[in-house]
1. What's the local net charge at residue 59, with K and R +1, D and E -1, over the other residues with C-beta under 9 Å away?
2. So for 61, 103, fewest C-beta neighbours within 10 Å to most, what's the order?
3. I need to check one value: relative contact order of region 3-148, counting alpha carbon pairs closer than 8 Å and at least 6 residues apart, in percent.
4. Distance in nm between label sites at residue 110 and residue 90, each 7 Å beyond Cα in the beta-carbon direction?
5. Long-range amide H contacts for residue 86: which residues qualify at under 5 Å (H placed 1.01 Å from N, peptide plane, sequence gap of 5 or more or a different chain)?
6. Report the rotationally averaged projected area of the chain based on its alpha-carbon convex hull, in square nanometres.
Amino acid sequence: MLRLALYQPDIPQNTGTMLRMAACLGLAVEIVEPAGFDVSDRHLRRSGLDYLDHVAITRHRSFAAFAAWRAEAGIRLVLATTAGALPYTDFAFRPDDCVMVGRESAGVPEAVHGAADARIVVPIRPGLRSLNVAVAAAMIAGEALRQVGGPSRAGV
């Protein structure tokens, strides 16, 4: 199953948007803590509305815990980063990939960059910093699902 990992998310509304997207598209979600807000079930329910019953969410206490889980499961980590060289549309996704997005305020540290099996980028116009993390995650998830076979019927 294709997975979306949220590295220490800062903004609950973005997290809720990505959880809702994951529910609708059939993605599992890995949340790497600590987050910049309370990610208890009660608070996630508020940001994810009634979609949380439709998405598999795993919380990891730290990046080290996430890395250990990933290594044991043999899951490839694909990091979405403004420092990536390969456009996401040129990347060959696999059905069991885990696509990670960083903190809205700071991305991910160098250690996470170093642990990634691949680093991809959503190309944007020169002079602009980045897209909203939820928008970038949706674009990448859509391409990954297109490549590996996503939901058989799309709805808006």
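No lab work stands behind these numbers, since they all come straight from the coordinates. These numbers come from a predicted model, not from an experiment. Note: ideal-geometry Cβ built from the backbone for every residue, glycine included; neighbour counts use all protein chains shown.
1. On the way: positive: 61; negative: 30, 33.
With Lys, Arg at +1 and Asp, Glu at -1, the neighbours total -1.
2. On the way: 61 10, 103 18.
Taking fewest neighbouring Cβ atoms as first place, the list is 61, 103.
3. Working: 240 pairs, mean separation 41.2, N = 146.
For region 3-148, the relative contact order is 28 percent.
4. 2.6
5. HN-HN under 5 Å from residue 86: 121.
6. Working: hull surface 35.6 nm².
Its Cα hull, projected and averaged over all orientations, spans 8.9 nm².
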